[in-house]
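Here is the structure we will look at, set down as structure tokens.
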Amino acid sequence: MDTIVSLFSSVVRMSTPILICALGAVFSERAGVINVGLEGLMLIGALFGVLGSFCTGSAFLGAVTAMAAGLLFALIYAFFTITVKADQTVVGIAFNTIAGGLTVVLYRVLLANSGVSQVKGFNTVAIPGLSQIPVIGPIFFEQSVPIYILYFLIPVLAIVFSKMNIGLKVRAVGDNPVACDTVGISVVKVRYMTVLFSGVMAGMAGAFVSMGQLRFFTEGMISGTGFIAFATVIFGNYTPLGVLRAGLIFGCASALQYKFQTSGSAVPYQVWIMLPYLITILALCLYHKKSNAPKYSGVSFSKD
């Protein structure tokens, strides 16, 4: 039983950065902006979360710093993809490449020689009463604060997406921006808002990776999680609840990867490392025909 509890608790933790990032990305994707730059935004969040915690001695302020950095860099991404109308996929690839190099340089200049091995991170907080429930308690209610925030965000964002006016505007802009502009909806404003929101969420997801586990930054530590989050949006059929389902599947694959690596199996550990990415590719191959992608996904909008 302890093994099962440990496995599923790990699934919750491994799913968290994927879900946080994907829940933000689903809004920008539905508004018609393909955010391939999630990997880079998560890297930025991971570095600035640690940097903020290092400078202030507070995990909370570290998380705020990460989200602010995600917001700033998402603004740059939005400028090139929405205002300049550059190809969104090309900008995303370039953004990831630049973020990878920039975080390495900033880390070596600001943190590598600081003499600090760890910073303040997200501690596990057991919820009184709920954490005592057999099996379920240790899995869901002995986690860190960002995970509890995620529990709250999932239903809230699902309601905003499907029931509220702003969610309707987001979906309408992605499906028919010309009609939206005709009735007075600012397509550019909606797209900017969704990209900035995805940047904040990606920054928080990156901070969870760096401050929830290692409590310090290492080069390339996101290791494709941003790309998995991007795939999660597609596999989740571009809805928050679909993202929840897909994120848990990919989180399970990541958790199993670590379990298999320590199981003493004769299979080389590199095979297990590939597991989450193989499942990602398989899921996309099997699901691409059922995709509910917005009709104007990746298409720049112009009034002319």
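A few notes on this one:
- Among the residues listed as Val116, Val105, the single one being in a helix (DSSP H, G or I), surrounded by fewer than 14 Cβ atoms within 10 Å (Cβ to Cβ) and among the hydrophobic types (A, V, I, L, M, F, W, C): Val105
- The single condition among (1) in a helix (DSSP H, G or I); (2) at pLDDT 80 or above; (3) over 21 Å from the mean Cα position of the chain (by Cα) that Gly251 does not satisfy is (3).
- Of all residues in region 1-36 being farther than 19 Å from Phe250 by Cα, of a type in the set (A, V, I, L, M) and surrounded by fewer than 24 Cβ atoms within 10 Å (Cβ to Cβ), the one that is modelled with the highest pLDDT: Ile34
- For Ile98, the requirement of being part of a helix (DSSP H, G or I) and within 16 Å of Met221 (Cα to Cα) is met.
- Subset of region 191-211 [surrounded by fewer than 24 Cβ atoms within 10 Å (Cβ to Cβ) and over 14 Å from the mean Cα position of the chain (by Cα)]: Tyr192, Met193
- Candidates are the residues of region 155-186 that are hydrophobic (A, V, I, L, M, F, W, C) and surrounded by 24 or more Cβ atoms within 10 Å (Cβ to Cβ); the one that is nearest to Ala68 (Cα to Cα) is Val170.
- Only one of the numbered conditions (1) out of contact with any strand residue (DSSP E or B) (no Cβ under 9 Å at 6 or more places or on another chain); (2) more than 30 Å from Val188 (Cβ to Cβ) is not met by Val125, and that is (1).
- When Val156, Val183 are screened for being more than 21 Å from Pro240 (Cα to Cα) and out of contact with any Lys or Arg (no Cβ under 7 Å at 6 or more places or on another chain), only Val183 passes.
- Each residue in region 76-115 was checked for being without any contact (Cβ under 8 Å) to a residue 60 or more places away in the chain, more than 22 Å from Gly224 (Cα to Cα) and among the β-branched types (Val, Ile, Thr), and 2 of them qualify.
- Failed item in (1) touching a helix residue (DSSP H, G or I) at 6+ places or on another chain (Cβ under 8 Å); (2) of a type in the set (Gly, Ala, Ser); (3) over 23 Å from Ser302 (Cβ atoms), with Gly32 passing the rest: (3)
The values are calculated or read from the model by the stated rules, or taken from the named source; none is laboratory data. Only a predicted model underlies this, so the values are computations on that prediction, with no experimental measurement involved. In this analysis, Cβ positions are derived from the backbone assuming ideal geometry, glycine residues included, and neighbour counts consider all displayed protein chains.
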